[in-house]
Amino acid sequence: MKLLTFKRNEEFALGVELDNKVIDIEKSLSSTNNRNIPLGITEVIQGGKQSISILDEHIKKLNLNDDSSFIHSKDELIWGPCVIEPNKIICVGLNYRKHADETNSPYPEYPILFNKFNNTLTGHKSKVSIPKNTKKLDYEVELGIVIGKKVKNVSENEALDFVFGYCIANDLSARDLQFMTSQWLLGKSCDDFTPLGPYLVTADEVGNPQCLSLKTLVNGHIRQNSNTSDMIFPCSKIISFISQHMTLNPGDVILTGTPEGVVLGYPHGEQSYLKPGDKVTLEIEKLGSLVNYFVEG
């Protein structure tokens, strides 16, 4: 199932994408007496497979005519991040072999972890203001893992059983701020630095997360073009490793690293960082395309 959020009256509403249409779940309740249907993305994630089953049965009973009041065109939506209130946003650095190679970095022995905050979240087609105090804003296409069940000390073999779904993330990085000190936090956590979406796709539809192609295009030109098979630490290893140190809860988001092709990896004379007017499109197989527009801050 492809889940999403969109703005309605300044609040985030729950949508489901089906056959290139978006079903407004709350508005669709007028055609049913079922009051157990989850109305928010957080509630769906917390309810896990039971919530998905309830939504699926509800949708099967709907009359999905284009003129139905609860059917929206994707073009008319103001998209929100596909996860709106994670307790934790945990990121993995240097997790693709070719990305480590392009930055002349050794392959890490353990996953390199850092964090982001909810102020960084934004959605598909949103405008991202480039902070005035950076001249080196970089893109990073990443596979996002969304945790579906509370997990602590899980084995690698069982780790993927705790995944609710996957999404596309752009781990935007102000390189000059990132490397101002030995800590990366400042360059990673400016407002709107984590576009997330357009969909949260349930794990059953994605299958094996280690064989997905992923790309970045800037103004239509391909900058990153790789596959999740190049990860140093696969998704199961990342989840297991994190869970040995902290409890993961439903709705927590893990960004699994970026492949080669970031601006930082280009020779100095060829580096072209993001600027106002740029359009960045991220694509991950089975997850769709995440688009953002960059404007002056």
Area accessible to solvent at Arg97, 1.4 Å probe radius, in Å²: 90 Å²
Spread of Cα-to-Cα distances over 5 Å intervals beginning at zero, given as percent, for the chain: 1, 5, 12, 17, 19, 17, 12, 9, 5, 2, 1, 0, 0
Taking the mean number of other Cβ atoms within 10 Å as a proxy for protection, how do you rank 286-292, 114-120, 275-281 from highest to lowest? 286-292, 114-120, 275-281
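Per residue, what accessible area does the stretch 41-125 have, given a 1.4 Å probe and all protein chains present, in Å²?
Values: 4470 Å² over 85 residues.
I get 53 Å² per residue for this part.
Ratio of the stretch 76-177's C-alpha Rg to 2.2 N^0.38 Å, to two decimals?
1.24
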Using the basic label-point model (7 angstrom from Cα toward the beta carbon), what is the Asn63 to Asn118 distance in nanometres? 4.0 nm
Looking at the stretch 136-280 from every direction and averaging, what is the projected area of its Cα convex hull in nm²? 9.4 nm²
Which residues does a label at His268 reach in the stretch 194-225, if reach means a backbone N under 19 Å from a point 7 Å past the Cα toward the Cβ? none
With Cβ to Cβ distances under 13 Å as the rule, what net charge do the other residues near Ala100 carry (K, R +1; D, E -1)? -3
How many Å² of accessible area per residue for the stretch 176-297, probe 1.4 Å? 40 Å²
Largest first, how would Lys188, Lys88 line up by accessible area (1.4 Å probe)? Lys88, Lys188
Give the ranking of Leu160, Leu172 by solvent-accessible surface, highest area first, calculated with a 1.4 Å probe. Leu160, Leu172
Could you work out how far apart the two model spin labels at Glu285 and Ser73 are, taking each label as a point 7 Å from the Cα in the direction of the beta carbon, and quote it in nm? 3.3 nm
For the stretch 1-113, what are Rg and Dmax over the alpha carbons, in angstrom? 18.9, 60
Show Met180, Met231, Met246 ordered by accessible area, largest first, where the area counts protein heavy atoms only and the probe is 1.4 Å. Met180, Met246, Met231
According to a simple spin-label model (label point 7 Å from Cα along Cα-to-Cβ), what is the distance in nm between Tyr107 and Asn133? 3.8 nm
Computed accessible area, Ile90, all protein chains, 1.4 angstrom probe, square angstrom: 10 Å²
Could you check how much of the accessible area of the chain is carbon and sulfur, as a whole percent, using a 1.4 Å probe? 47 percent
Assuming R0 = 41 Å, what is the FRET efficiency of Asn20 and Lys149, from their Cβ-Cβ distance, to the nearest 0.05? 0.85
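The values are calculated or read from the model by the stated rules, or taken from the named source; none is laboratory data. Note that the structure is predicted; figures quoted are calculated from it, not measured. Counting neighbours? That spans all protein chains shown, and the Cβs are built from the backbone with ideal geometry, glycine included. The protein model used for the area step is the full one, side chains on, heavy atoms only, and it has no ligands, DNA or RNA in it. Shrake-Rupley method; radii C 1.70, N 1.55, O 1.52, S 1.80 Å.
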